[in-house]
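What follows is calculated from the coordinates using simple rules that are stated; it is not laboratory data. These numbers come from a predicted model, not from an experiment. So basically every Cβ, Gly included, is an ideal-geometry build from the backbone, and we count neighbours across all protein chains shown.
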Amino acid sequence: MTEMSYAPTSAGSPNIEVGPKWQRPDGELLAQFQRHSVANIGDALGRLGMPDGGITPLWDGCRAVGSALTVLTVAGDDLAVIDAVAHIEPGDFLVINGFGYPGRAVMGDILTQYFSSRGAVGAIVDGAVRDRDEIRQQQFPVWSRSVTPAGPWKHGPGAVGTPVAIGGVVINPGDVVVADSDGIVAVPLKKAHDIAAELAQIAESEQGMRTQAKQAPTK
């Protein structure tokens, strides 16, 4: 069956766990991270908090900053992803643990349309997606471990709004997630204000090094 045959509803599925209500970062805090690259944010985190480089942008120029809406799904199954749509709030960034499975896509262009219509800013999938060209046309930012035309099962179980691990990094609901052409970084919400303050100093220092490099004498 197609994704549209299972249009998201607010009822939820009985075998999809929903975590307790979580705090989301406010828009002002997210805006502070908009000005900085994943590389610089990772430096501010002690070069931690960055999933492995196997999860890559689906199209050139992808960039997004948002609040983690976490999803745990069985490899090759998208029932939890469908249920997550009902929990999206504007500014959310879907973070989907699909166990890195490359054999079946757990989301495609129809789900990205649902994500976008609810105000999500992007999606990260430690697993497979499909409909690359259609998603590129939508300009919806997506990062994934693989692409396959094979569609998903829709049985569950799964979870929404609980901690997940993608690419070796644990991400909690409400963490600040930033992703660009280099990759992904997750900032724990409890550290986000301190990291945002440190980023201004890192950016200033890097600008100084760039200026120095341009002025370096040539032979």
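Quick rundown of the values:
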{"quantity": "Base-10 log of normalised Debye intensity for the range 59-143 (one unit scatterer per alpha-carbon) at q = 0.12, 0.15, 0.24 Å⁻¹", "calculated": "-0.28, -0.45, -1.23"}
{"quantity": "Rg over Rh [alpha-carbon atoms, Kirkwood Rh] for the range 103-219", "calculated": "1.10"}
{"quantity": "Span-like helix ranges in the chain, DSSP H, alpha carbon extent 15 angstrom or more, Kyte mean at least 0.5", "calculated": "none"}
{"quantity": "Magnitude of the charge dipole, the range 73-138, Cβ model with Lys/Arg +1 and Asp/Glu -1, debye to 20", "calculated": "120 debye"}
{"quantity": "Karplus-derived HN-Hα couplings along the range 140-155 (A = 6.51, B = -1.76, C = 1.60, θ = phi - 60°), whole Hz, x at Gly and Pro", "calculated": "8, x, 9, 10, 8, 7, 7, 10, 8, x, 5, x, x, 7, 9, 10"}
{"quantity": "Helix-only CD estimate at 222 nm, as mean residue ellipticity for the chain, using -39500 (n - 2.57) per DSSP H run (n ≥ 4)", "calculated": "-8000 deg cm²/dmol"}
{"quantity": "Correct choice for Kirkwood radius over Cα pairs in Å that was computed from the model, options [x] 17.0; [y] 18.8; [z] 17.6", "calculated": "[z]"}
